[in-house]
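The values are calculated or read from the model by the stated rules, or taken from the named source; none is laboratory data. On a predicted model such as this, the values are computed, not experimentally measured, just so you know. Cβ sites come from the backbone with ideal geometry, for glycine too, and all protein chains shown count toward neighbours.
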Amino acid sequence: MKVLITGGAGFLGQRLARELLARGTLKDANGTPQTITELVLFDVVRADDFGDRRVRVEVGDIAEHSVLERVIDAQTSSIFHLAAIVSGQAEADFDLGMRINLDAARLLLETCRQRGHAPRVLFTSSVAVYGGDLPDVVRNDTALNPQSSYGAQKAIAELLLNDYSRRGFVDGRVLRLPTISVRPGKPNAAASSFASGIVREPLNGEAAICPVAGSTRLWLLSPRKAIESLIAGLELDAGVLGNQRVLNLPGISVSVDEMVAALRDVAGDTVAARIVWAPDARVEKIVGSWPGRWDTSRAEQLGLSAERSFADVIRGYIEDERIQIR
Ligand SMILES: NC(=O)c1ccc[n+]([C@@H]2O[C@H](COP(=O)([O-])OP(=O)(O)OC[C@H]3O[C@@H](n4cnc5c(N)ncnc54)[C@H](O)[C@@H]3O)[C@@H](O)[C@H]2O)c1
C-alpha cells in the first residue's frame, strides 16, 4: 500500500510516520491489513526519512497543482492531509492561511478526483471551527461558527471533504483534534502554544509564560493518543461514517488552573512555580472563543479514546521524552 502524509515534516506528521513504519500495515477499504510498501512524506521543508527505505521524501508547495500531481498517483490509497498554517499564523497572515488551509485542501481533493480511484483521505480539523454563543456541551452537530480565519478555513475544508466523499471522489474522514498537549520541542505560532509550554518549560527547569486566565478551559489530547486516533480514523469503515464524515475526537476538558495543579501533583511545587502569569488579550480572544466541554460519544462508539486525566498526560510526556524532573 502506498501512503501519503502531507505536512510530513511537521510535529504530528513525523510522529505518525514513525508509528506507521513501526506497524508496517494499514487497513484497506475492506478492513484487510495491507503492507505499507511506500510512505511519501511531503512537506515544504525536508522531512526526516528515518533511514527507512520505504520512505520517499518530497519537498514542495502544496498549493501548486503540479506538486500535488507528483505526490498523488492512482496507487496512493491512503492520504493523511496534515499540512497547514497554524492558528496564530493564519490569523496574522490572511493570504497564506487561505492559500494553504483552504485553497490547497480543495486542490488536493481535486487531484484525487482527477486520479479517479477514490483514496481514503483523513483531514485534521480543529476545535476552532466552533465559537460564538455556544451551548454548555458541544456536540458533533453543533453549528459551526468559527471566530478566527484558521477556524473558518478548517470549517470550509470539512464541508468540501464531506461533499467530495458524498460524490464518491474520495473516501474522506475528518477528525477535529483537541489542542495537542504536551507537545515537545519549541513554542510555535499556534495561539494554543502555551498549553504545552506551561508544562514543558517548567519541567525543563525554565520559566513559562501563561497568557490566559487560570479559569480558561481547554480541550486537550496527548500526542500519543492523537497519533493512535489518526490511524484508527483512517482505518474506520466508510459504511459506519455514512454521509457525516466529521468526528469530534475524545479529549480531556481541563482548566488552566487544573493543568497547573496536575503539574504540581506530578512534578512538585518548584516546577509549578516556574509559570509566570502575563495575560495577552490577542491570545485570550482566540483561545477564549474555543469551547471547553464536549460530547464525543460518536467517536467513542467507534473506538476512539483519550487519557483519563491531565496528570496521566504529563506522566506520559515525562516517560516518552525521558524527562528528569529538576
Ligand atoms: N497540534 C495541534 O494542537 C493541532 C490541533 C488541531 C488541529 N491540528 C491540525 O493537525 C495538523 C498537523 O498539525 P501539527 O501540529 O503537526 O502542525 P505543524 O505545523 O507541525 O505541521 C504542519 C506542516 O505543514 C507544512 N506546510 C506548511 N505550509 C506548507 C506548504 N505550502 N506545502 C507543504 N507543506 C506545508 C509545514 O511545513 C509543517 O511541517 C494541521 O492540519 C493542524 O491544523 C493540530
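Among the residues that make up the range 108-124, is at least one of them among the hydroxyl-bearing types (Ser, Thr, Tyr) and out of contact with any Leu (no Cβ under 7 Å at 6 or more places or on another chain)?
no
Yes or no, residue by residue, for (1) crowded, with 20+ Cβ neighbours inside 10 Å; (2) assigned to a helix (DSSP H, G or I); (3) touching a Gly at 6+ places or on another chain (Cβ under 6 Å); (4) on the phi < 0 side of the Ramachandran plot:
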{"residue": "Ala261", "(1), (2), (3), (4)": "no, yes, no, yes"}
{"residue": "Arg264", "(1), (2), (3), (4)": "no, yes, no, yes"}
{"residue": "Lys285", "(1), (2), (3), (4)": "no, yes, no, yes"}
{"residue": "Leu304", "(1), (2), (3), (4)": "yes, no, no, yes"}
{"residue": "Arg315", "(1), (2), (3), (4)": "no, yes, no, yes"}
{"residue": "Gln324", "(1), (2), (3), (4)": "no, no, no, yes"}
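Name every residue in the range 151-182 that is more than 13 Å from Leu109 (Cβ to Cβ), modelled with pLDDT of 95 or more and in a loop (DSSP other than H, G, I, E, B), in order of residue number.
Ser181, Val182 - these are the residues of the range 151-182 that are more than 13 Å from Leu109 (Cβ to Cβ), modelled with pLDDT of 95 or more and in a loop (DSSP other than H, G, I, E, B).
Among the numbered criteria (1) under 24 Å from Ile100 (Cβ atoms); (2) surrounded by fewer than 18 Cβ atoms within 10 Å (Cβ to Cβ), which single criterion is violated by Glu206?
(1)
Quickly run through the range 20-38 and pick out the residues that are assigned to a helix (DSSP H, G or I) and surrounded by fewer than 14 Cβ atoms within 10 Å (Cβ to Cβ).
The answer is Ala22, Arg23.
Hey, Gly116 hits all of (1) touching a His at 6+ places or on another chain (Cβ under 9 Å); (2) surrounded by fewer than 15 Cβ atoms within 10 Å (Cβ to Cβ) but one; which does it fall short on?
(1)
Going through the range 51-74 one residue at a time, which ones are over 22 Å from Leu109 (Cα atoms) and either loosely packed, with under 15 Cβ neighbours inside 10 Å or within 14 Å of the ligand (Cβ to nearest atom) (or both)?
Gly51, Asp52, Arg53
Can you name every residue in the range 150-184 that is small (Gly, Ala, Ser), surrounded by fewer than 23 Cβ atoms within 10 Å (Cβ to Cβ) and within 14 Å of the ligand (Cβ to nearest atom)?
Hits for the range 150-184 are Ala152, Ala155.
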